[in-house]
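Just below is one structure, and these are the notes that go with it.
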There are 4 protein chains.
Amino acid sequence: MGMPMELNTMIVTKGNEVREEENRFVLQKDGYRLYPIDIPIAVFKTKDSEQSGTALIKKVEWQQGKTTITYTLVSLKSTN
Amino acid sequence: MGMPMELNTMIVTKGNEVREEENRFVLQKDGYRLYPIDIPIAVFKTKDSEQSGTALIKKVEWQQGKTTITYTLVSLKSTN
Amino acid sequence: MGMPMELNTMIVTKGNEVREEENRFVLQKDGYRLYPIDIPIAVFKTKDSEQSGTALIKKVEWQQGKTTITYTLVSLKSTN
Amino acid sequence: MGMPMELNTMIVTKGNEVREEENRFVLQKDGYRLYPIDIPIAVFKTKDSEQSGTALIKKVEWQQGKTTITYTLVSLKSTN
């Protein structure tokens, strides 16, 4: 009877992010996920990879069992 | 450093809901608010009024310090 | 990598509540569950039964995959 | 009518942690705060200081407007 959700403290893109504009991306994930908004959050490509950057989430949308976040990359970690 | 939010267990419209379609409404509230999705939730006009109906929230959106919910009224309490 | 939790808007006891004192009860549930504290919340014996009363949750504890709530019954619905 | 809370993605001790045992600490914070349990979380002395370590939160308790967490330090960053 409750509503299942997941508390997330990082963004794991799995390469599914879609670039909307320069450094703004949209990412859809399964399930209802709680992310911090407007707070720096680490970005990873996979949960086992090195951190690829830091983002600010600007929008979170919950609908039909999916979570869609819009985030701005504020720093990138080069892996050279 | 944390993200302030509010856990809500009912919808209080204060008459600010906008009808989108027959029994579907959109309501914007200040702050980031956590509402249960797809679970029956009581609707009130003000927090001190009698319950006016029951709704299912179909969409929750967080952006720029506002929460926008889209809900479907599934029952109405007549006050006659 | 996230933390699964469940948003709960009512208490479903399934008869597992333990009376600590007059109208104060302790209930343990599986998983991490988010309940509103200090806000009137409906109490049910099962999720399909009639509401049995209204409670105020005074304490929520998360540990080892369990949620333990302490609540005070503030009203009872007689079913006579 | 909602319940104010705060989503936290790191532990900021402000030196208020109490050592319970070797690497287990208890920290009390004002307000109801949502922390991820059993997931590595960064520890800071102040919100502007360098990260001092990484912890696993083992217990979260909400009561009387306070949040008490019990955490285990799993790594320390020496600042030498």
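Observations
- Antiparallel DSSP beta bridges within region C:1-65, percent to nearest 5: 60 percent
- For residue A:75, the point set 7 Å out from Cα toward Cβ sits 1.7, 5.4, 5.4 nm from its twins in the other copies, listed from shortest up.
- Projected label points at residue B:66 and residue C:51, each 7 Å from Cα along the beta carbon direction, are separated by 3.2 nanometres.
- Net charge of the neighbourhood of residue A:51, taken over other residues with C-beta under 12 Å away and scored Lys/Arg +1, Asp/Glu -1, is +1.
- Cross-link table B:58/C:29; B:47/C:47; A:29/D:77; A:59/C:29, entries beyond 30 Å C-alpha to C-alpha: A:29/D:77; A:59/C:29
- Using a 7 Å projection from Cα along Cα-to-Cβ, the label point at residue C:42 is separated from the same position in the remaining copies by 0.8, 4.2, 4.3 nm, smallest value first.
- Its Cα gyration tensor gives the protein assembly as shown an equivalent ellipsoid; the semi-axes, largest first and in whole Å, are 35, 27, 15.
- For B:30-37, mean number of other protein chain Cβ atoms within 10 Å: 6
- Each Lys and Arg Cβ is given +1 and each Asp and Glu Cβ -1; about its Cα centre, chain C then shows a dipole of about 80 debye.
- Principal axis dimensions, chain B - Cα atoms, whole angstrom, descending: 49, 27, 21
- Test item: D:53-62 mean partner chain Cβ contacts at 10 Å: 3
- Of all segments of chain D bounded by GluC sites (Glu not before Pro) found in a DSSP loop with no more than 12 other C-beta atoms within 10 Å, the longest spans D:51-80.
- Nm distances between copies for residue B:15, ranked from closest, using label points 7 Å along Cα→Cβ: 5.0, 5.4, 5.6
- Residue-wise HN-Hα coupling along region D:7-15, computed from phi with Karplus coefficients 6.51, -1.76, 1.60 (Hz; x: Gly, Pro): 8, 10, 10, 8, 9, 10, 7, 6, x
- Average other protein chain Cβ within 10 Å of Cβ, residues B:3-14: 6
The numbers here are math on the coordinates, done by the rules we state, and not lab data. Note that this is a predicted model, so its numbers are computed, not measured. Cβ coordinates were reconstructed from backbone atoms using ideal geometry, including for glycine residues, and neighbour counts include every protein chain displayed.
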